[in-house]
1. Please give the helices (runs of 4 or more DSSP H) falling wholly within region 205-309 in which 1 or more residues are at pLDDT below 95 and either polar (S, T, N, Q) or farther than 22 Å from A166 by Cβ (or both).
2. Filter region 180-196 down to residues that are more than 12 Å from the chain's Cα centre (by Cα) and among the polar types (S, T, N, Q), then give me how many there are.
3. Being part of a loop (DSSP other than H, G, I, E, B) and more than 14 Å from the chain's Cα centre (by Cα) is the filter here, so list the residues in region 162-179 that pass it.
4. Quick one: is F188 within 14 Å of A235 (Cβ to Cβ), hydrophobic (A, V, I, L, M, F, W, C), part of a loop (DSSP other than H, G, I, E, B) and modelled with pLDDT of 95 or more?
5. Quick one: how many residues across region 271-285 are of a type outside the set (V, I, T) and within 11 Å of F323 (Cα to Cα)?
6. Any residue in region 308-322 that's under 13 Å from A285 (Cα atoms) and in contact (Cβ under 8 Å) with a residue 40 or more places away in the chain: show its pairings with residues that are loosely packed, with under 13 Cβ neighbours inside 10 Å and of a type in the set (V, I, T) at Cβ separation under 9 Å, as long as the two are six or more apart or on different chains.
7. Identify, by number, the condition in (1) surrounded by 16 or more Cβ atoms within 10 Å (Cβ to Cβ); (2) part of a loop (DSSP other than H, G, I, E, B); (3) not assigned by TED's automatic domain parsing to the domain that holds A235 that G125 doesn't meet.
8. Considering each of D25, D56, D69 in turn, give the residue that is surrounded by fewer than 21 Cβ atoms within 10 Å (Cβ to Cβ), more than 25 Å from the chain's Cα centre (by Cα) and either outside the structural domain of P232 (by TED's automatic domain parsing) or not aliphatic (A, V, I, L, M) (or both).
Amino acid sequence: MYTSLGSAVLTSGETMDMGCVLCPDPTFAPLVPQFLAHKPESCMWHIRRSVSERLDELETRFYIGRVGDEIITNIMTVESRGAGILGHVFTSVPHRRKGACKLLMAEQMGDFRRRGGQCLILDTGYDTHPYYIYRGFGFESIAPEAGQMRYTVVGDDAFAAEWFSAEPVSVVDLAWHHWPAISVMTSFDYGEYLRTVLPPAFGPYNFEGPFYGLKQRCEERGDCQCKVLQGPNGAVLGYAALQPDVRFHEEVYVLDLMLWPGAAEHGAALVSAFDWPKAKVQAYADDASEAKIRALNAAGFVDEAILRKQIHRGGKPMDVLVFARE
């Protein structure tokens, strides 16, 4: 479904028509992937599917600017229940430096707020021209000198206090609509530093990229299980993935676990929800991740090893604890 967002005059004097494509949409199904064909195949997997089919409750929107019939600029959001990821911001080379993207983004941000949006996550280069454009729209780095950025309508503290406090929570299989909500959770610094080992992630980060590979592996290979702790408001307060460890010829499995501190009491239920393989399973946690460690122990994982001073945070060494289940 296409919704017009009006028009604007570029610095070149050309008139740009702006609109929002809410997927799926048969009219724009061939046009949007063609415009974004330079994107990596992992991204194109989602783009091609989103324009042609419904991906459970995930809302994929392509905000596009057109001069005549030609798409010249694009901004994508993937959203669910007020949480979203902003990405695939792109303007074709002949139409750059005409103000097209900035004009389109003003409409996109206004539309997000009008629809009740609460939080958006994005990834860009730190201290670049796009970085300062996003800052002009209210985005801030999620960590010092980070290109990963977050925007909240009511401010980070007020948003987090309400978003992550909803009860009851339930353990469910990973779905497309969890994508933005997991990214919201991982963007906050909630004390856990070693987030995951497959792929490796430390401290606050954007889950946008890792989601592609995990979701595709779950769907196409079937040897990966992913679970989330889901609140009634759509928030994700915990995430766990069980998959073969490629570092050891896939003979050992890795359980990655991220857990919001306020949901610590539900951690064991999240970990225990898997169908365990007939193989050794290992899990890793830094020595400050108390909620994760309690959840692993409660679910039957035993201490196996301590990797002394394995990682550093802010120049300070941290031990990494290894847990096992056989």
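1. Those helices (runs of 4 or more DSSP H) span 208-220, 290-298.
2. 1
3. Of region 162-179, the ones part of a loop (DSSP other than H, G, I, E, B) are 164-169, 174-177.
Answer for region 162-179, where residues must be part of a loop (DSSP other than H, G, I, E, B) and more than 14 Å from the chain's Cα centre (by Cα): F164, S165, A166, E167, P168, V169.
4. Numbers: within 14 Å of A235 (Cβ to Cβ): yes; hydrophobic (A, V, I, L, M, F, W, C): yes; part of a loop (DSSP other than H, G, I, E, B): yes; modelled with pLDDT of 95 or more: yes.
The answer is yes for F188.
5. Total meeting the criteria: 5.
6. Final answer for the pair search is V320/I306; V322/I306.
7. (1)
8. D69
The values are calculated or read from the model by the stated rules, or taken from the named source; none is laboratory data. Everything quoted here is computed from the prediction, not taken from an experiment. All Cβ positions, even for glycine, are placed from backbone atoms using ideal geometry, and neighbour counts span all protein chains on display.
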